[in-house]
Amino acid sequence: MLHIVVCVKQVPDSREIRIDPKTNTLIRIGVPAIVNFYDLHGLEEALVLREKYGGRITVVCMGPPPAEKALKQCISLGADDAVLVTDRGFAGADTLATSYVLAESIKKIAETWGPVDIVFTGKQTLDGDTGQVGPGIACRLDLEQLTYVQKVVGINMETRRITVHRHLEDGVEVVETKLPVLLTALKELNTVRRASMPGMLRAAQFKPVVWTTQDFPNLDRSKIGLKGSPTIVGRSWVPEQKAANTEMIEGDDVKVKARTLVDKLWQTDLPARFGWDQKAQG
Amino acid sequence: MPDWSAYRGVLVYIEHREGIAKKVGWQLLGQGKRLADKLEVEVMALVIGHNVGQLAEEAITYGADRVFLVDAPELKDYRTYPYSRASMKVIHEVKPEIVLFGATATGRDLAGAIATHLPTGLTADTTELDVEPHPSRLLQASRPAFSEKMMATILCKQYRPQMATARAGVFEALPKDPSRKGEIVQIDFQIQESEIAAKVLDFIQDQSKINLEEAEIIVAGGRGLGGPEPFKMLQELADALGGVVGASRAAVDAGWIKHEHQVGQTGYTVRPKLYFAIGISGAVQHTVGMQNSDLIIAINRDPDAPIFKVAHYGIVGDLFQIVPAITEEVRSRKGA
Ligand SMILES: Cc1cc2nc3c(=O)[nH]c(=O)nc-3n(C[C@H](O)[C@H](O)[C@H](O)COP(=O)(O)OP(=O)(O)OC[C@H]3O[C@@H](n4cnc5c(N)ncnc54)[C@H](O)[C@@H]3O)c2cc1C
Ligand SMILES: Cc1cc2nc3c(=O)[nH]c(=O)nc-3n(C[C@H](O)[C@H](O)[C@H](O)COP(=O)(O)OP(=O)(O)OC[C@H]3O[C@@H](n4cnc5c(N)ncnc54)[C@H](O)[C@@H]3O)c2cc1C
């Protein structure tokens with residue numbers, strides 16, 4: 001039996017965000033709020049592991065009250081329980097403050113529903129896009145940390161060890177570690193299922209457990225929200241594309257243009273650097 | 001405001017695989033040196049691994065004034081626990097005011113753990129790094145936000161060190177100079193293998209994978225190619241020049257070429273000596289990934305295509321005629 005916690009964040013679909021060309025500010029109106037899609041891959045993997053090894057899945061989201069919708073979606077997909085951690089005091093959190101509140105929430109989830117074996121987060125979010133919250137939670141809860149997971153090979157329930165494939169820039173790392181562990185999910189991990197009819201019916205009725213600062217008697221107030229966040233957003237601006245001094249290559253036909261361009265290339269240090277000017281051997 | 005005067009200098013983490021450094025480490029050492037000069041402090045490198053002494057020496061040739069070398073058999077493979085402990089030991093002893101990591105899988109994994117432990121602020125995936133001079137000495141770490149549509153500067157006023165991960169391919173390394181002088185400081189670090197839960201069982205290097213980030217010449221194609229076949233034509237030009245083939249997202253999404261070839265926001269940020277953009281319109285999500293290339297050549301039949309704004313040389317015309325003509329010309333020039 002496994003107790004798996006999945007962290008999900010509700011995010012504005014940043015692909016839909018436009019910039020107001022007059023004021024250079026973000027137009028957020030009408031931008032849909034969605035579940036960060038990497039988190040759904042974390043949930044899907046939790047569902048697969050629950051099918052294989054048995055157990056339960058608790059979903060947690062820190063966010064404003066409308067984020068309840070994200071949790072309902074997770075219930076419709078098959079999560080057992082869901083917690084919304086919400087309070088004005090949590091607002092303005094950077095990754096350090098966010099990981100603190102999520103770690104405290106996971107401790108409370110363990111007290112409520114039993115010890116936690118696996119925590120899933122997404123690889124990163126669509127909005128903040130830092131990928132720092134996962135390592136932050138692992139660190140605070142003293143969990144093993146395996147990031148960028150593209151495949152869970154399996155869990156040995158006797159030895160309580162898990163083997164995964166991590167996707168790195170230059171290849172795939174096969175790594176094994178002990179439970180409890182925090183995994184960050186890539187989209188290559190699985191294909192997210194559709195909600196089932198019973199799932200949707202359950203979600204329609206479902207009310208997540210809501211925790212506010214009041215529910216955490218030992219919460220260190222200096223570590224939450226804006227006050228607990230070392231990073232602050234200073235200036236923001238709309239970047240201009242770097243404009244080069246473009247020289248257009250003219251010519252009567254393709255051959256002339258090609259020759260003119262290659263002449264230009266041969267006037268640089270590139271031929272010497274890459275050995276183009278050495279006559280081919282043999 | 002706490003007194004942070006004990007924290008001085010810029011420290012750069014040098015990521016490597018089996019003793020071969022990733023370019024981003026040298027690029028950040030270059031940028032770290034620029035910041036350090038403004039602050040009138042040292043730029044330092046952090047090298048962690050096993051049998052990686054030569055990497056510490058190489059760091060000096062790329063500009064490090066001092067290199068902290070943590071070398072132990074347990075540090076052969078990257079694993080979060082021992083690497084974060086080793087890094088923190090160095091950070092506690094050296095007290096740098098700024099610590100920089102590549103925004104790679106490993107860099108983000110490591111920096112995320114360290115920043116939480118210390119604790120301090122960590123700015124993710126920066127593409128611009130500057131400092132305010134003494135006395136504020138604040139790191140101005142700027143990063144793209146909202147699908148590259150905006151840039152935001154993130155500051156960390158109340159904590160030290162100030163930490164950031166930075167994208168590969170954005171900053172320029174200093175030229176390698178074997179005559180540079182620097183000091184290597186060995187850091188004593190003891191850890192038992194039994195304390196480390198994670199075991200790396202295998203690493204499957206992606207052999208077929210082209211290494212766009214490290215490539216010096218890239219011939220990239222976009223939707224203008226119209227299908228997978230014409231990428232062969234690009235490959236021929238790339239072969240003639242000794243380069244690799246890149247692509248826009250439109251070409252990747254159409255399934256004409258694999259994602260590992262994609263340049264741009266959701267692909268790789270590249271900084272080659274020579275970049276061809278062929279049948280690519282020049283959307284900002286593409287140009288953020290290639291605009292720092294030394295020499296950019298754009299080929300497009302639309303004279304108003306935005307790609308011409310970032311290109312150094314532009315040719316208006318049909319790529320199906322121009323590309324083979326260039327390949328031919330290069331081959332004959334090489335005298336093959
Ligand atoms: C433009 C912009 C830039 C920012 N830059 C930085 C920065 O450089 N450094 C910094 O520290 N903060 C930064 N922030 C703040 C940061 O986005 C917030 O702290 C946010 O609460 C968590 O970070 P993230 O969205 O990057 O999450 P990530 O670390 O990318 O999220 C990884 C995973 O953690 C889980 N997770 C994250 N947040 C929650 C949540 N609220 N509830 C449940 N699960 C969650 C999800 O599973 C998610 O997939 C920035 C915010 C913005 C808008
Ligand atoms: C969140 C997000 C992330 C993104 N990430 C990336 C990314 O990482 N990389 C990326 O590239 N894009 C990215 N994009 C997509 C980007 O916005 C553009 O849609 C994409 O770059 C367009 O690709 P293209 O230039 O190949 O295609 P198009 O814009 O369709 O341009 C094709 C060009 O080919 C020219 N052409 C056609 N036929 C010929 C011919 N015979 N001879 C010469 N020229 C010809 C046309 O004039 C045109 O300029 C992203 C978008 C979003 C929203």
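Read-outs: derived from the displayed coordinates by stated rules, not from any lab. If you're wondering where the values come from, they're calculated on a predicted model, not measured in any experiment. When we count neighbours, we look across all protein chains shown, and the Cβ atoms used for this are built from the backbone with ideal geometry, even at glycine.
Quick one: Karplus J couplings for the range B:64-73, per residue in order, coefficients 6.51, -1.76, 1.60, θ = phi - 60°, nearest Hz, x for Gly and Pro?
Running phi through 6.51 cos²θ - 1.76 cosθ + 1.60 with θ = phi - 60° gives 5, 6, 9, 10, 9, 10, 10, 10, 7, x Hz.
What's the angle, to the nearest 10 degrees (0 to 90), between helix A:95-113's Cα axis and the longest principal axis of chain A?
The helix A:95-113 is inclined about 30 degrees to chain A.
Need one word for chain A: rounded, prolate or oblate. Basis is the Cα gyration tensor (sqrt eigenvalues a ≥ b ≥ c); a/c below 1.5 gives rounded, then a/b vs b/c decides.
Values: a/c = 2.34, a/b = 1.72, b/c = 1.36.
Cα axes put chain A in the prolate bin.
Connecting C-alpha atoms closer than 10 Å in a GNM of chain A, tell me which of A:Ile155, A:Ile19, A:Ile106 has the biggest fluctuation.
Its mean-square fluctuation being the largest, the pick is A:Ile19.
Using a 10 Å cut-off around each Cβ of peptide B:302-314, what is the average number of partner chain Cβ atoms that fall inside? Please report the intermediate quantities before stating the final value.
On the way: counts 0, 1, 0, 0, 1, 2, 4, 5, 5, 5, 5, 9, 6.
Per residue, the number of nearby Cβ atoms from other chains is 3 on average.
For the protein assembly as shown, what is the charge dipole size about the Cα centre, in debye to the nearest 20, if Lys and Arg each add +1 at the Cβ and Asp and Glu each add -1 at the Cβ?
Charge dipole of the protein assembly as shown: 1080 debye, to the nearest 20.
Got a sec to turn the phi values of the range B:54-60 into Karplus ³J(HN,Hα) couplings, 6.51 cos²θ - 1.76 cosθ + 1.60 with θ = phi - 60°, whole Hz, x for Gly and Pro?
In residue order, the calculated couplings are 5, 5, 5, 5, 4, 4, 5 Hz.
In peptide A:145-157, how many Cβ atoms from other protein chains are near each Cβ within 10 Å, on average? Walk me through the intermediate numbers first.
Numbers: counts 8, 4, 8, 5, 0, 0, 0, 0, 1, 0, 0, 0, 0.
Rounded to a whole number, the mean comes out at 2.
Looking only at A:Lys227, A:Lys255, A:Lys52, which one moves most when chain A is put into a Gaussian network model with springs between Cα atoms under 10 Å?
Result for chain A, Cα springs under 10 Å: A:Lys255 fluctuates most.
Taking the highest mean first, how do the peptides A:58-67, A:158-167 order by number of other beta carbon atoms within 10 angstrom per residue?
Sorting A:58-67, A:158-167 by mean packing, highest first, produces A:58-67, A:158-167.
Based on alpha-carbon centroids, what's the gap between the range A:83-125 and the range B:57-95 in Å, whole number please?
Going from one Cα centre to the other spans 31 Å.
Select from A:Ile57, A:Trp266, B:Gly19 the residue farthest towards the positive end of the dipole of the protein assembly as shown; place +1 on Cβ of Lys and Arg, -1 on Cβ of Asp and Glu, and compute about the Cα centre.
Checked the options; the winner is A:Ile57.
Looking at B:Ala56, B:Ala250, B:Ile187, which one has the Cα that reaches farthest to the positive end of the dipole of chain B (charges on Cβ: Lys, Arg +1; Asp, Glu -1)?
My answer, from the dipole projection, is B:Ala250.
Could you give the dipole magnitude of the range A:131-192 about its Cα centre, charging the beta-carbon of Lys and Arg +1 and that of Asp and Glu -1, in debye to the nearest 20?
220 debye
By a straight-distance test (C-alpha under 16 Å), which aspartates and glutamates pair with B:Lys95 as possible cross-link partners, with residues fewer than eight away in the same chain excluded?
B:Asp3, B:Glu40, B:Glu42, B:Asp65
Compute the distance in nm between two label points, each set 7 Å from the Cα along the Cα-to-Cβ direction, one at B:His92 and one at A:Asp220.
If labels sit at B:His92 and A:Asp220, their model points lie 1.6 nm apart.
Between B:Phe101, B:Phe146, B:Phe308, which gets the highest mean-square fluctuation from a Gaussian network model of chain B, Cα cutoff 10 Å?
In the Gaussian network model the winner is B:Phe146.
Based only on other Cβ atoms within 10 Å, what is the fewest-to-most ordering of B:Ser84, B:Ser5, B:Ser248, B:Ser179?
The order, fewest Cβ neighbours first, is B:Ser179, B:Ser5, B:Ser84, B:Ser248.
Counting only other chains, what is the mean number of Cβ atoms within 10 angstrom of the Cβ of each residue in peptide A:253-265?
Mean partner shielding for this stretch: 6.
What percent antiparallel are the DSSP beta bridges of the range A:2-223, to the nearest 5?
Antiparallel: roughly 40 percent of the beta bridges in the range A:2-223.
Would you mind ranking A:Lys107, A:Lys257 by Cβ crowding within 10 Å, fewest neighbours first?
Details: A:Lys107 15, A:Lys257 23.
The most exposed by this proxy come first: A:Lys107, A:Lys257.
If a/c stays under 1.5 just call it rounded; otherwise compare a/b with b/c (prolate if a/b is bigger, oblate if not). Do that for the protein assembly as shown, with a ≥ b ≥ c from the square roots of the Cα gyration tensor eigenvalues.
Prolate.
When DSSP assigns beta bridges and you keep just the ones with both residues in the protein assembly as shown, what percent turn out antiparallel, to the nearest 5?
Expressed as a percentage, antiparallel bridges in the protein assembly as shown total about 35.
How far is helix A:37-53 tilted, in degrees, relative to the longest principal axis of the Cα atoms in chain A, given as a value from 0 to 90 rounded to the nearest 10?
With rounding to tens, the tilt is 50 degrees.
Calculate one ³J(HN,Hα) per residue across the range A:254-261 by plugging θ = phi - 60° into the Karplus curve 6.51 cos²θ - 1.76 cosθ + 1.60, and present them in order as whole Hz with x for glycine and proline.
4, 4, 5, 4, 4, 5, 4, 4
Write down the percent of antiparallel bridges among all DSSP beta bridges whose residues are both part of chain B, to the nearest 5.
So the antiparallel bridges amount to about 20 percent of the total.
Ranking request for peptides B:259-270, B:210-221: highest mean number of other beta-carbon atoms within 10 Å first, then the rest in descending order.
Top to bottom by mean Cβ count within 10 Å: B:210-221, B:259-270.
Counting other C-beta atoms within 10 Å, which of A:Met200, B:Met151, B:Met163 has the fewest, and how do the rest follow? If you can, show how the numbers build up before the last one.
Numbers: A:Met200 15, B:Met151 19, B:Met163 29.
The most exposed by this proxy come first: A:Met200, B:Met151, B:Met163.
Is there a quick way to get the dipole size of the range A:131-282? I mean about its Cα centre, with the Cβ of Lys and Arg at +1 and of Asp and Glu at -1; what is the value in debye to the nearest 20?
Rounded to the nearest 20 debye, it is 780 debye.
To test your reading of the geometry: what angle, between 0 and 90 degrees and rounded to tens, separates the Cα axis of helix B:23-39 from the longest principal axis of chain B?
60 degrees
Rg/Rh for the range A:143-270: what does it come to with C-alpha atoms and Rh from Kirkwood?
Rg/Rh for the range A:143-270 comes to 1.24.
Taking amide H positions as placed 1.01 Å from N in the peptide plane, with prolines and chain starts having none, which residues 5 or more places from A:Leu2, or on another chain, fall under 5 Å of its amide H?
Hits under the 5 Å cutoff: A:Gly55, A:Arg56.
Taking Cα pairs under 8 Å and at least six residues apart, what relative contact order does the range B:108-150 come out at, in percent?
Taking the mean separation of contacting Cα pairs over the length of the range B:108-150, I get 28 percent.
If you average the C-alpha positions of the range B:21-37 and of the range A:239-277 separately, how far apart do those two centres end up, in angstrom?
Distance between centres, Cα-based: 30 Å.
Indicate the gyration tensor shape class of the range B:212-334 (rounded, prolate or oblate), computed on the Cα atoms with a ≥ b ≥ c the square roots of the eigenvalues: a/c under 1.5 is rounded; otherwise a/b larger than b/c is prolate and the rest oblate.
rounded
Measuring from centroid to centroid over Cα atoms, what is the spacing of the range A:1-76 and the range B:150-189 in Å?
34 Å
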